[in-house]
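The values are calculated or read from the model by the stated rules, or taken from the named source; none is laboratory data. Note that the structure is predicted; figures quoted are calculated from it, not measured. With ideal geometry, Cβ positions are generated from the backbone for all residues, glycine too; neighbour counts draw on all protein chains shown.
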Amino acid sequence: MAVDKKNHHEALNVEDALTQSEAFLIKNKKTIIGVIVAIVVVVAVVLMYKNLYEKPREEKAQVALFKGQEYFDASNFEQALNGDSIGFIGFVKVADQYSGTAAGNLAKAYMGICYAHLGQYEAAIKALDDFSGKDQMVTPAMKGAIGSCYANLEQLDKAVSYLQKAADEADSNSLSPIYLMKAGEILIKQGKYDAAVKAYTTIKEKYARSYQAMDIDKYIEQAKLLKK
């Protein structure tokens, strides 16, 4: 009998819970429907934005970027940067008109390198600094390019700082030693021989399989001798 009473009470509790849930749903039906409709609308708007605006815009940006890449590869940096008279608008306008797209972002990187080749180092730094990315090769390369621009502007401390950041972020046998070698050369020029030895030693110890590591001992010894 005790078991029957327990089952009976449990059944009543379940029924009460269902009744309360039904009452809640009935009472708040309009609110619940409103929330569901709002979620559906938001999802629909996001999908429409991506498919009807964002995706076509990205495709247009890619098309606009393509001709500039051809000029860039041919070392026609002025035309790549500012466009031509036959339809290509130039990296500057691609970056502006298609801001927020991947192609627009990449145009900033191309802009910066074009400016650097044209000797417009301050404009190059601004464009390169505006580029955003997480690629383990491209992003450090942008920092390395900024470092080179600062070196050309004789802002040597900034140059070394960016080159070392580029080396740290790349963390590879192919790129990091290049930036560390450049940093070492600048540090030698500044008379900061201990810091130069440290940069060269990093190549020897951390990037031993790199091309630069093959004769890095020579640079380490030269920096030590200059210190004396």
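Restricted to segment 120-157, and to residues that are of a type in the set (S, T, Y) and under 15 Å from A107 (Cα atoms), which residue is surrounded by the most Cβ atoms within 10 Å (Cβ to Cβ)?
T139
Just checking, how many residues over segment 53-93 are hydroxyl-bearing (S, T, Y), modelled with pLDDT under 85 and in a helix (DSSP H, G or I)?
1
In segment 63-81, which residues are surrounded by 15 or more Cβ atoms within 10 Å (Cβ to Cβ) and in contact with a helix residue (DSSP H, G or I) (Cβ under 8 Å, 6 or more places away or on another chain)?
A64, L65, G68, Y71, F72, F77, Q79, A80, L81 - these are the residues of segment 63-81 that are surrounded by 15 or more Cβ atoms within 10 Å (Cβ to Cβ) and in contact with a helix residue (DSSP H, G or I) (Cβ under 8 Å, 6 or more places away or on another chain).
Any residue at all in segment 178-192 that's of a type in the set (S, T, N, Q), surrounded by fewer than 22 Cβ atoms within 10 Å (Cβ to Cβ) and under 25 Å from the mean Cα position of the chain (by Cα)?
No, that holds for no residue.
Could you grab me the full set of residues in segment 186-221 that are free of Cβ contacts under 8 Å to residues at least 24 places away in the same chain and of a type in the set (S, T, Y)?
The answer is Y200, T201.
Anything in segment 188-218 that is of a type outside the set (A, V, I, L, M, F, W, C) and closer than 10 Å to P177 by Cβ? List them, or say none.
Across segment 188-218, the qualifying residues are Y200, T202, K204, K206, Y207, R209, S210, Y211, Q212.
Does I125 satisfy the criteria of being part of a helix (DSSP H, G or I), among the β-branched types (V, I, T) and farther than 30 Å from D194 by Cα?
It is false that I125 is part of a helix (DSSP H, G or I), among the β-branched types (V, I, T) and farther than 30 Å from D194 by Cα.
Would you say M214 is within 26 Å of Y121 (Cβ to Cβ) and modelled with pLDDT under 95?
When the stated conditions are applied, M214 does not pass them.
Scan segment 129-183 residue by residue and report those that are of a type in the set (D, E, K, R) and within 16 Å of C114 (Cα to Cα).
Of everything in segment 129-183, those that are of a type in the set (D, E, K, R) and within 16 Å of C114 (Cα to Cα) turn out to be D129, D130, K143.
Out of segment 83-112, which residues are surrounded by fewer than 16 Cβ atoms within 10 Å (Cβ to Cβ) and within 18 Å of the chain's Cα centre (by Cα)?
Result: D96, S99, G100, A102.
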